[in-house]
Each structure stands twice: as structure tokens, then as C-alpha cells.
1. With the condition kept exactly as written, say whether any residue in the range 117-140 is in contact with a strand residue (DSSP E or B) (Cβ under 9 Å, 6 or more places away or on another chain) and more than 23 Å from Ala38 (Cα to Cα).
2. Can you tell me which residue in the range 44-67 is surrounded by the most Cβ atoms within 10 Å (Cβ to Cβ), limited to those that are within 16 Å of the ligand (Cβ to nearest atom) and not acidic (Asp, Glu)?
3. Kindly indicate the residue of the range 8-19 that is in contact with a helix residue (DSSP H, G or I) (Cβ under 9 Å, 6 or more places away or on another chain) and assigned to a loop (DSSP other than H, G, I, E, B) and also nearest to Cys89 (Cα to Cα) among those meeting that condition.
4. Please determine, by comparing only the residues of the range 43-88 that are among the hydroxyl-bearing types (Ser, Thr, Tyr) and within 15 Å of the chain's Cα centre (by Cα), which one is farthest from Ser23 (Cα to Cα).
5. Of the numbered conditions (1) more than 10 Å from the ligand (Cβ to nearest atom); (2) touching a strand residue (DSSP E or B) at 6+ places or on another chain (Cβ under 8 Å); (3) open to solvent by less than 80 Å² (accessible area, probe 1.4 Å); (4) not in a loop (DSSP other than H, G, I, E, B), Cys89 satisfies every one except a single condition; which is it?
6. Of (1) within 14 Å of Gly25 (Cβ to Cβ); (2) away from the ligand (no atom under 16 Å from the Cβ); (3) exposed (fewer than 15 other Cβ atoms within 10 Å of the Cβ), Ala70 satisfies all except one. Which?
7. Suppose we filter Ala104, Ala83 for residues that are within 16 Å of the ligand (Cβ to nearest atom) and either closer than 17 Å to Glu147 by Cα or not charged (D, E, K, R) (or both); which single one remains?
8. So the check is Cβ under 7 Å with 6+ separation or different chains; which pairs have a first residue in the range 114-139 that's part of a helix (DSSP H, G or I) and a second one that's hydroxyl-bearing (Ser, Thr, Tyr) and open to solvent by 30 Å² or more (accessible area, probe 1.4 Å)?
Amino acid sequence: MASALSNLSEYNEENIPSAEKMSFGIVVAEWNRHITHALLDGCFRTLLRHGATEENIHIVQVPGSFELTAGAAALGAELRLDAVICLGCVIKGETSHDEYINHAVAAGLTQLGIQSGKPHIFGLLTVLNEHQAIDRAGGRYGNKGVEAAVTAIRMIAMKNALRHDVRKIGF
Ligand code: DLZ
């Protein structure tokens, strides 16, 4: 959780492997566009910063966060991707809609990640108000899109390292 004690954009750059040969899908929700596109900007720039190429970053937009899982599944079915990053912002309102959406996305992405064997990154802001969202979309607590990008790179690298080790063990 981002708070005064942590910043979503802070990480040790030296520990991040090169993303030069990695391919990414990004699914971004249209709801709360001013927030989600700030997340997209942070995510995209971070992938490029670590060596990913624009040709290897595929972006699709879905209407709302509830559609993130379906968008990720559709993108993954069409393209060979190493990871899919989902970006959205659900703001609590008068009803409990936010809980249904947040739980559905968390469960859906967990399931997709296990089924596909590819990291599906939860870049969803689950906030009480717009102020909290702005704080986490490039504001005083950093940008969750940056955190999502770094997580994707690290998870792909972890999988690649495992594959490498398993081959060595097989000899
Ligand atoms: C309907 C709805 C509401 C009330 N709030 C949000 C929100 O804060 N963030 C978001 O990403 N989407 C919201 N949606 C739209 C749903 O995610 C979804 O697009 C619709 O329920 C249609 O399935």
C-alpha cells in the first residue's frame, strides 16, 4: 500500500533486468481516464526506460475496470506476450460496486496468470476518493503504473531464470 512510508515509483534500478527482448500487453480502463492514462504513461515510460521497444508493447483500452480481465484474455489469445499489465482506477461511491469490481479483477487476473503461465499484473487503484487516486497516479505517493511495469519485468525475468535453471538441472 502506498503511504507516507512508501512510494510506488521508487525501486532499485540496478536490480531490474533488461526488458529488451520482452513483450508486453497493457490493458487500460477508460473509466476515470485522467487517472488511468497517467498510470499508462508511467507504465509505458518505465518499460521503455528498461529497454523494451515500442513494437513489443501492445496497448488496448476497455470501457471499465471490470472489463480488464476479459481484455487481458483477448489480448493474450491474439498475441505472444510475456506479461499482461492491467491498469484501472475504481473509486468508492455510494454503493458497494467497487468491492465487486475489485474482487472480480483480483480473482480474474490471478486465474488468468495461473492458466496462461504468464504474469498478469494488478495495476488497479482501489481508492476511497479521487484525491487518493491522484496521489498514486504520479502524485505524492508515486505512480502505480511504474510499479506495475517493474513488477512485470521482474516476474518475466524470474520465469526466465527458472527455465534456465531447470535446463541445467536436466543435464
Ligand atoms: C459502473 C462503474 C462505476 C460505478 N465505477 C467505476 C470505477 O470507479 N472505475 C472503473 O474502472 N469502472 C467503473 N464502473 C464501470 C465498470 O467497471 C464496468 O465497465 C461496467 O459495470 C460495465 O461492465
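1. yes
2. Ser65
3. Going residue by residue through the range 8-19, those that are in contact with a helix residue (DSSP H, G or I) (Cβ under 9 Å, 6 or more places away or on another chain) are 8-11, 13, 15-19.
Cutting the leftovers down to assigned to a loop (DSSP other than H, G, I, E, B) gives us 8-11, 16-19.
Values: Leu8: 15, Ser9: 17, Glu10: 20, Tyr11: 22, Ile16: 26, Pro17: 28, Ser18: 28, Ala19: 26 Å.
Only one residue tops the list, namely Leu8.
4. Of all residues in the range 43-88, those among the hydroxyl-bearing types (Ser, Thr, Tyr) come to 46, 53, 65, 69.
Cutting the leftovers down to within 15 Å of the chain's Cα centre (by Cα) gives us 46, 65, 69.
On the way: Thr46: 14, Ser65: 22, Thr69: 18 Å.
Ranking the qualifying residues of the range 43-88, first place goes to Ser65.
5. Evaluating Cys89 over (1) more than 10 Å from the ligand (Cβ to nearest atom); (2) touching a strand residue (DSSP E or B) at 6+ places or on another chain (Cβ under 8 Å); (3) open to solvent by less than 80 Å² (accessible area, probe 1.4 Å); (4) not in a loop (DSSP other than H, G, I, E, B) leaves (1) as the failure.
6. (2)
7. Details: Ala83 fails: within 16 Å of the ligand (Cβ to nearest atom).
It is Ala104.
8. Partner pairs satisfying both residue conditions: Asp135/Tyr141.
The values are calculated or read from the model by the stated rules, or taken from the named source; none is laboratory data. If you're wondering where the values come from, they're calculated on a predicted model, not measured in any experiment. Because the Cβ atoms are built from the backbone with ideal geometry, glycine has one as well, and the counts that use them run over all protein chains shown. Each accessible area value is taken on the protein alone, full model and side chains, heavy atoms only, with ligands, DNA and RNA left out. Shrake-Rupley method; radii C 1.70, N 1.55, O 1.52, S 1.80 Å.
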